[in-house]
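Asks: Take a look at this one; I'll ask things after.
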Amino acid sequence: MFSFCSSKTQAGEPSEYVLQSQPGQENGLDRQETMHTHGVRTQADGSVPAEKALQKLEQGNSRYVEGKPQQRSFDADAREALAQHGQNPFATIVGCADSRCPLEILFDAQPGDIFVLRNAGNTCTHAEGSMVGSVEYSVCHLHTNLILVLGHTCCGAIAGATATALSKTDKSQNDAQPSSTLDKLLAGLGPVALQAASELPAGSTVEEVAAHAVKVNVFHTIEKLLTYSKPLREKVRQGEVVVQGAIYDIVSGKVEFLGHCPRQALVLDMDAALVVRAPPVEDSTKEGKPVQGKGS
């Protein structure tokens, strides 16, 4: 799979789709002109530089906010092209699983355009291998040059983590062990909430802290991705990949692009990676002895 996905050419980035209506056509969907080799982005097309990829996301979001998405069809031929010639997304987006944040729609993208990773809180607090590994796959094998970590306003995961973190005022609460995977998720976001509270004036409400924590969490996720992934750090150091943050406003529809993580230079100096659990060491005293168990 990897060899197939890393075999695309490095030609220049083609221009955007252009739809032209013929006389008597009402929506222009009967004729589609594109510079992509197979009509949609595939591995036959070139990689997109990070600056151009960011521009495409900004322009796509502007069209979404204005209610003027590009008129284009995605039909059986497009699906066949992607299946036969492979995907070639121009950006990787780490977003929240919130159903109010449909990433392809809010960036006016279509299948094949963006590589999407989502979980509650767009987070990577516990070195989640699936998130880190998927990001590495996108940059190392699909050759995307832009990673965007996208938070959003009114995030339930951040609100819950903030309420939980700020309510822990005594030692007994702090020592309590998470009783579910959700509790572990919220606990992992606790430091984000506490940092957000420390950056606001004393007496700020839980809602105000949670709103600021959305931004803090975006940069926190970027730091974790860079900390846990040596291949990603190397590509960012070498200028091959750009990692930036953004926040989506679920009311206005507008995405605020935040730029680089303020602590990126510091994180890039680290020499950390996901810790691989060592295999169990055999007890030499048991060598040659049969394993006791059922049927022994």
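Asks: If the chain between Cys154 and Asp183 were fully stretched, how many nm would it gain, using 0.36 nm times the residue separation less the Cα-Cα distance?
Replies: In short, 8.5 nm is gained.
Asks: In addition: With the crude spin-label approximation of a point 7 Å out along Cα→Cβ, what separation in nm comes out for Ser134 versus His260?
Replies: With each label placed 7 Å out from Cα toward Cβ, I get 2.7 nm.
Asks: Please give, to one decimal in nm, the separation of the simple spin-label points placed at Ser252 and Arg63, each 7 Å out from Cα toward the Cβ.
Replies: Taking the two extended label points, one gets 2.2 nm.
Asks: Roll a 1.4 Å probe over the protein chains and send me the accessible area per residue for the range 62-112 in Å².
Replies: On a per-residue basis, the range 62-112 sits at 49 Å².
Asks: Could you derive backbone 3J(HN,Hα) for the range 71-84 from the dihedral phi with the Karplus parameters 6.51, -1.76 and 1.60 (θ = phi - 60°), listing whole Hz in sequence and x where the residue is Gly or Pro?
Replies: Calculated HN-Hα couplings, in order: 7, 8, 9, 10, 10, 4, 5, 5, 5, 5, 5, 5, 5, 7 Hz.
Asks: Please sort 107-115, 195-203 by packing, taking for each peptide the average over its residues of neighbouring beta carbons within 10 angstrom, highest first.
Replies: 107-115, 195-203
Asks: State the percentage of accessible surface on the range 106-224 attributable to carbon and sulfur atoms; use a 1.4 Å probe and exclude ligands, DNA and RNA.
Replies: 57 percent
The values are calculated or read from the model by the stated rules, or taken from the named source; none is laboratory data. All of these numbers come straight from a predicted model, not from anything done at the bench. Positions of Cβ are generated from backbone atoms using ideal geometry, with glycine treated the same way; all protein chains shown enter the neighbour counts. Surface areas here come from the heavy atoms of the whole protein model, side chains and all, with no ligands, DNA or RNA. Shrake-Rupley method; radii C 1.70, N 1.55, O 1.52, S 1.80 Å.
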